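> Here it is, the structure in full.
The values are calculated or read from the model by the stated rules, or taken from the named source; none is laboratory data. Computed from a predicted structure; not experimentally measured. Cβ atoms come from the backbone with ideal geometry, glycine included; neighbour counts cover every protein chain shown. Remember, those area values only see protein heavy atoms, side chains included, never the ligands or the DNA or RNA. Shrake-Rupley method; radii C 1.70, N 1.55, O 1.52, S 1.80 Å.
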Amino acid sequence: MREALIANRPIDKLFLLKDAHGLSDIRQLARESGIPVVECDRARLNAMSQTSAHQGVIAAGAAHAWSEMDDIWQKAGQSGQPPLVVVCDGVEDPRNLGAIVRTAECAGAHGVIVSKRRSAGLTGSLAKAAAGALEHIPVVRVPNIPALLKELKERGLWVYGAECNEGAKPLGEVDFSGGAALVLGGEGEGLGRLVKENCDVLVRIPMYGKTQSLNVSTACGVILWTIKS
């Protein structure tokens, strides 16, 4: 692993055994290269490793290069439409994030933005779930979602946070005209407090059955098509 880091191999994220000895140099090399480091217990590392012979460190390789924010603005400018972006606050399942990327591209969004630390990487399983969409829509990684939302507002976008609670506005009561950023929370936890505080409007999908929430990628599709309609 040290050699891979020194050689600048494309690594998306590094998973290190929590409180492990002898890995401080690997941690330092990763940070110097801007690679997110996630500390986790042995059970999680064993689940990620096919052989359990991981020696306390596992690297997730990137199946696709990350884009830059300028790529999103360029794509929006070329479309002649108001910017439409999807922001993911802690979506850590690669299949969910891949489905969101696929859905966003199908809906005509101009980019997907994720958190640098609390997000799935651009792995093979994500690429498979995205079904080719990674080739057609920029996916950008940023260090701070609340700061990003402030930047989007400065560019004239309205920020809509997806929520399940009754305090959020039903989709049918929201005016989605103009540039928009749809913010989706992570599986189970939803939107973080600071992220909510930086949303202009919290929106919800009305539920008519017994189950009171949708999978995050499904919710993404419902809201994006409402924005576009």
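> Conditions first: (1) in contact (Cβ under 8 Å) with a residue 40 or more places away in the chain; (2) touching a Lys or Arg at 6+ places or on another chain (Cβ under 9 Å); (3) of a type in the set (A, V, I, L, M, F, W, C); (4) over 30 Å from Gln78 (Cβ atoms). Ala168 passes all but one, so which condition is the exception?
(1)
> Name the residue that is farthest from the chain's Cα centre (by Cα), counting only residues in the stretch 77-94 that are in contact (Cβ under 8 Å) with a residue 60 or more places away in the chain and more than 14 Å from Gly185 (Cα to Cα).
Looking at the filtered set, the residue picked out is Pro82.
> Starting from the stretch 13-37, take each residue that is more than 12 Å from Val57 (Cβ to Cβ) and list its partners that are part of a loop (DSSP other than H, G, I, E, B) and open to solvent by 60 Å² or more (accessible area, probe 1.4 Å), counting only C-beta distances under 6 angstrom and pairs at least six apart or across chains.
Correct list of pairs: Pro36/Lys116; Pro36/Arg117.
> Right, another one. If you scan the stretch 53-76, which residues turn out to be closer than 30 Å to Asp19 by Cβ and over 18 Å from the mean Cα position of the chain (by Cα)?
Ala53, His54, Gln55, Gly56, Val57, Ile58, Ala59 - these are the residues of the stretch 53-76 that are closer than 30 Å to Asp19 by Cβ and over 18 Å from the mean Cα position of the chain (by Cα).
> Right, next: Any residue at all in the stretch 158-165 that's touching a residue at least 12 places away in the same chain (Cβ under 8 Å) and small (Gly, Ala, Ser)?
yes
> Within the stretch 158-178, track down each residue that is more than 16 Å from the chain's Cα centre (by Cα) and either charged (D, E, K, R) or in a strand (DSSP E or B) (or both).
Trp158, Glu163, Glu166, Lys169, Pro170, Glu173, Asp175
> Looking only at the stretch 70-90, decide whether some residue is open to solvent by 10 Å² or more (accessible area, probe 1.4 Å), hydrophobic (A, V, I, L, M, F, W, C) and more than 21 Å from Ala219 (Cα to Cα).
yes
> Would the stretch 124-132 turn up any residue that is of a type in the set (A, V, I, L, M), open to solvent by 10 Å² or more (accessible area, probe 1.4 Å) and under 22 Å from Gly192 (Cβ atoms)?
The answer is no; no qualifying residue exists.
> For Asp200, work out the one condition from (1) touching a residue at least 24 places away in the same chain (Cβ under 8 Å); (2) under 27 Å from Pro94 (Cα atoms); (3) surrounded by fewer than 21 Cβ atoms within 10 Å (Cβ to Cβ) it doesn't fulfil.
Going through (1) touching a residue at least 24 places away in the same chain (Cβ under 8 Å); (2) under 27 Å from Pro94 (Cα atoms); (3) surrounded by fewer than 21 Cβ atoms within 10 Å (Cβ to Cβ) one by one, Asp200 breaks only (2).
> Which residue is surrounded by the most Cβ atoms within 10 Å (Cβ to Cβ), if the candidates are limited to the stretch 97-121 and must be among the polar types (S, T, N, Q) and modelled with pLDDT under 95?
Initial filter on the stretch 97-121 (among the polar types (S, T, N, Q)): 103, 115, 119.
Retained after the next criterion (residues that are modelled with pLDDT under 95): 115, 119.
Working: Ser115: 22, Ser119: 26.
The qualifying residue surrounded by the most Cβ atoms within 10 Å (Cβ to Cβ) is Ser119.
> Out of the stretch 138-176, which residues are open to solvent by 30 Å² or more (accessible area, probe 1.4 Å) and within 14 Å of Ser115 (Cα to Cα)?
Initially, the stretch 138-176 is screened for residues open to solvent by 30 Å² or more (accessible area, probe 1.4 Å), giving 141, 143-144, 147, 150-151, 153-156, 158, 164-167, 169, 172-173, 175.
Within the stretch 138-176, Arg141, Pro143, Asn144, Ala147 meet the criteria.
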